[in-house]
Amino acid sequence: MSENRELNLTLDFCLRVGEVLLSSGAGAADVTATMLSLARALGFWQAECDITFTSLEMSHQTSPDEPPVIATRQVKQRVIDYQHLTRVDHLVRDVLREDLDLRQARAELGRIVSTGHDRPRWAVTGAWAAMSAGVAMQLGGDAAVVVLALLSAVTIDRLQLRMAKRRMPAFYQQVAGAGAATLIAAAAAASPLSIDVSLVITANIVMLLAGVGFMGGLQDALTGFYITAGARLTEAILATAGIIAGVSGGLSLANVVGVQIPEIDPGRVDIQSVGLMIVGSALAAAAFAFASYSPGRILAPIAGIAAVAMGISTSLAQPGLGRAWSVGTAAFFVGLVAFAVAGRMRVPPLVVVVSAIVPMLPGISIYRGLTLLAEGGRRDSSEGLLAMVTAASVAIALAAGVILGEYVAQPLKREAQKLEVRLSGPRLVGPVRVRSRRPGSSAQTSRRGRSRARAEDADDGSTGATGVTGDDGAGSTAQPG
């Protein structure tokens, strides 16, 4: 293969990998680092990368007196697909370990993006329904509320799926979904049944908020990709505005026909309600992960992390700590533990953190703000605006807390590995794992030098080596570092 042909194929491969990562919600800094790592692992160290929201560009210039080779690719759609994301992440690791060459990697990437999923679409609809039911349970709803939230979620998912097939913009899909949820709740409120329909609407708001990518936009802003961050945050704000428009339109229509939908009023928190909140949070997080095609092995850890995070948020909110600070602290915990859990379960940390924070999305604040604004009074309007500001602060606190947890977790893991190596002695149970080093590293070179010196000394008879080998000998315990 000629060098120019190999360069073109390498740049195209890196761009295709970046497209999958970026469309799945990964930050621009992570996508850039991954693409550059791939290019350098495949032998092109002068590669450069630039990302601006929907456009990926990669270039390579062999020398200053030669023109650069430039390749671009567009992100045409953004669909949460953690199965493809995980498989591409494994592919990247295989390439960096030199287990796959360029041709094999391109063929594997083609198989990943062209094959379907391992679960049917009706199962995904059921997962969205289970997620809304979990949120309704978390909010303290009874069996009737849970069932109505489940049925509303099925309606919303089927409606949005039909609109997506007709290539309707996401804003209108959010408006239609939120409006459908509110109208179903209004119909239930007009019936003789005694149902707290405000909880149903709130559960469906959380379902619609789950696909809004605040975290990726805030991560881009913190890492210096301001253009991409601005575009992503604009997209997230527009999607949230669609939810607000749909709910407010449904509430206004309900008021016109004389149906009163009450403002949500969270009740007193006791041991029983906290238990339901934790169980509902675990169910909602695991169901969202399933609906996003996450691998089955990560569902139980996600449920556990979400349950602990909800317990942290609830316990901190009771003494009077602000809502934003309590959920921000819980999100920090999620980011802190997600890095280690994702590594053990062989999935990207993005899969864990996005799923685990879903139960803490500010559905209550948005619904409360909209119902107060619909009242129209001066006092109600002021409180409604305050509730909407609280919702925005909670969303920012969730994203910022998770990202801060990731920043702290990564260096802590490296230091923990170093400490484990220093403290590890001759173990009586279990293997001693020695981290492999790259061929030709200074440590291996020095080891080979010492081994040769010992062999030369033994040949000269200057030392009496009696069965004692070097660092890799069978009679010694390897202690790297």
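Annotation: amide H-H contacts under 5 Å for Ser55 (H modelled 1.01 Å from N, sequence separation of 5 or more, or interchain): Val75. Taking one quarter of the surface of the C-alpha convex hull of region 106-221 gives a mean projected area of 9.7 nm².
Computed from backbone phi with θ = phi - 60° and the Karplus coefficients 6.51, -1.76 and 1.60, the 3J(HN,Hα) list for region 387-396 is 5, 5, 5, 4, 4, 5, 5, 5, 4, 5 Hz; x is used for glycine and proline. Each residue, Val147 and Ala164, gets one label point 7 Å from its Cα in the Cβ direction; the gap between the two is 2.9 nm. Residue ranking by accessible heavy-atom surface, 1.4 Å probe, largest first, among Leu100, Leu109, Leu151 comes out as Leu151, Leu100, Leu109.
Rounded to the nearest 10 square angstrom, Leu283 shows an accessible area of 70 square angstrom against a 1.4 Å probe.
In region 131-233, the portion of solvent-accessible area held by carbon and sulfur atoms comes to 67 percent [1.4 Å probe, whole percent, DNA, RNA and ligands not counted].
The 1.4 Å probe gives accessible areas that order Asp81, Asp30, largest first, as Asp30, Asp81.
Per-residue Karplus couplings for region 27-39, computed as 6.51 cos²θ - 1.76 cosθ + 1.60 with θ equal to phi - 60°, are listed in order as x, 4, 5, 5, 5, 4, 4, 5, 5, 5, 4, 5, 4 Hz, Gly and Pro entered as x. Solvent-accessible surface of region 137-271, taken per residue with a 1.4 Å probe and all protein chains present: 47 Å². Of the accessible area of region 308-399, computed with a 1.4 Å probe over protein heavy atoms only, carbon and sulfur atoms account for 66 percent.
Sequence-ordered 3J(HN,Hα) estimates for region 234-239 from the Karplus curve with 6.51, -1.76 and 1.60 and θ = phi - 60° stand at 4, 4, 5, 5, 5, 5 Hz, glycine and proline given as x. Estimated at the nearest 10 Å², the accessible area of Asp99 is 90 Å² with a 1.4 Å probe. Here the accessible area is traced with a 1.4 Å probe on the protein chains. For region 4-101, carbon and sulfur cover 46 percent of it. Rolling a 1.4 Å probe over the heavy atoms of the protein chains gives region 20-92 an accessible area of 45 Å² per residue. Per-residue SASA remark: Val206, around 10 Å² accessible (1.4 Å probe; ligands, DNA and RNA not included).
The values are calculated or read from the model by the stated rules, or taken from the named source; none is laboratory data. If you're wondering where the values come from, they're calculated on a predicted model, not measured in any experiment. Cβ atoms come from the backbone with ideal geometry, glycine included; neighbour counts cover every protein chain shown. Surface areas here come from the heavy atoms of the whole protein model, side chains and all, with no ligands, DNA or RNA. Shrake-Rupley method; radii C 1.70, N 1.55, O 1.52, S 1.80 Å.
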